[in-house]
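Heads up, the thing below is written out as structure tokens.
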Amino acid sequence: MAGTGANTLARAEQFIWLTARVLEQRRFAHGFLGGGPDAVETALSAYLNEDGGYGHALEPDLRGPVSQPLHTAHALSVLDSIGRCDGQRVERICRYLTDVSTKEGALPALLPTQRGYPAAPFIPIVDDPPAELLATGPVVGLLHGNQVWHAWLFRATDFCWSAVDALEQSHPYEVEAAIAFLDGAPDRARAEAAADRLGRLVREQRLAVLDPSRPADYPVATGYAPGEHHFPHDYARTPGSLARRWFTDEELERSLDHLAAGQQDDGGWPVAWRRWAPGTALEGRPLVTLRALETLRSYGRPLG
């Protein structure tokens, strides 16, 4: 690993131009080079389907053209990053979410329409998929965070509250989804109380590596890749997240040091999840690199 220095951003830029899809190139330009949001939205529109959802491997671990909730959640996060999570574009997305929701009014992780197209083996395809906090939480939190009001949100919000309140045993990606919901939930007092309980669960079940020099002391969740750990910065991606309260200043600083040191010789950051096809790892690394840069910047770390 190359670590970081004054040229962190310059090295990451070279990596993005060398390897990234057009969408991630446009996102990098918008986020770090003063580029406009129109180019990002134009690139994102290539993944939009007529049903109002997104497909075409926008989320790299799901291949093929069909719309999926995980792709559409990814699209919403892109729109949020450029300040365009509003208007007709979001109304169209909410109609899609309504159409694909379960009887609980929430989202499954993967619709059976994925069958016949390549998909990561750790995302099972079933005929009657259940609603999941993993898929629903980030979408509901993001829409609330942007003051979006749509009929779909009422039952979906209730589902998320029930799912978060019921958490007793969990795993890192589900916790990420829960905190994404809580960070945007309108009932701030209830969100803070739920986040406090969730933070205790994270610490009790050792779902965050608090000492990056001793990763073997922390379990890897069932079904995760070897070494697929989560760190404080994975939960508290910005200082304003409720998850920031889960960790001491020292724990967070160690986590950010570890993140900064993860930049590799080619300027990008590695993916931690299971690599099951060459293209998915290639497309995933620019996404991870953008997230790393955004997280470091949000905490005031110098990028050069």
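The values are calculated or read from the model by the stated rules, or taken from the named source; none is laboratory data. If you're wondering where the values come from, they're calculated on a predicted model, not measured in any experiment. Cβ atoms come from the backbone with ideal geometry, glycine included; neighbour counts cover every protein chain shown. Note: accessible area is taken over every heavy atom of the protein model, side chains too, but ligands, DNA and RNA are not part of it. Shrake-Rupley method; radii C 1.70, N 1.55, O 1.52, S 1.80 Å.
What GluC sites (Glu not before Pro) does segment 1-93 have in DSSP loop regions with at most 14 other beta carbons within 10 Å?
Details: sites: GLU13, GLU24, GLU41, GLU50, GLU91; in loops: GLU50.
Sites meeting the loop and neighbour criteria: GLU50.
Translational D (Stokes-Einstein, µm²/s) of segment 226-282 at 4 °C and 1.567 mPa s when Rh comes from the Kirkwood sum over C-alpha pairs?
Numbers: Rh = 12.9 Å.
This corresponds to a translational diffusion coefficient of 100 µm²/s.
Using a 1.4 Å probe on the protein heavy atoms, what percent of the accessible area of segment 49-100 belongs to carbon and sulfur?
43 percent
Between ALA189 and ASP265, what length in nm is gained on full extension when 0.36 nm per residue of separation is reduced by their alpha carbon distance?
Between ALA189 and ASP265, full extension yields 22.9 nm more.
Based on DSSP H runs of at least 4 residues, each adding -39500 (n - 2.57), what is the mean residue ellipticity at 222 nm of the chain after dividing by all its residues, to the nearest 500 deg cm²/dmol?
So the calculated ellipticity at 222 nm is -16000 deg cm²/dmol.
Within segment 68-132, which trypsin sites (Lys or Arg not before Pro) sit in a loop by DSSP and count at most 14 neighbouring Cβ atoms inside 10 Å?
Numbers: sites: ARG84, ARG89, ARG92, ARG95, LYS103, ARG115; in loops: ARG84, LYS103, ARG115.
Answer by residue number: LYS103, ARG115.
I'd like the projected area of the chain, averaged over all directions, using the convex hull of its alpha carbons. Report it in nm² with one decimal. List each step's numbers first, then the result.
Values: hull surface 58.9 nm².
For the chain, the mean projected area of the Cα convex hull comes to 14.7 nm².
Of ALA131, ALA243, ALA151, which has the largest mean-square fluctuation in a 10 Å C-alpha GNM of the chain?
ALA151
Kindly report, to the nearest 10 Å², the accessible surface of ASP128 as traced by a 1.4 Å probe over protein heavy atoms only.
Result for ASP128: roughly 130 Å² accessible.
Just the ratio, please: alpha-carbon radius of gyration of segment 194-246 over 2.2 N^0.38 Å, N its number of residues.
It is 1.14.
Do any trypsin sites (Lys or Arg not before Pro) in segment 201-252 lie in a loop, going by DSSP, with at most 15 other beta-carbon atoms within 10 Å of their beta carbon, and if so which?
Sites meeting the loop and neighbour criteria: ARG206.
Give the residue from GLY184, LEU58, PHE159 lying farthest towards the positive end of the charge dipole for the chain; charges sit on Cβ (+1 for Lys and Arg, -1 for Asp and Glu) and the dipole is referred to the Cα centre.
The residue sitting farthest along the positive end of the dipole is LEU58.
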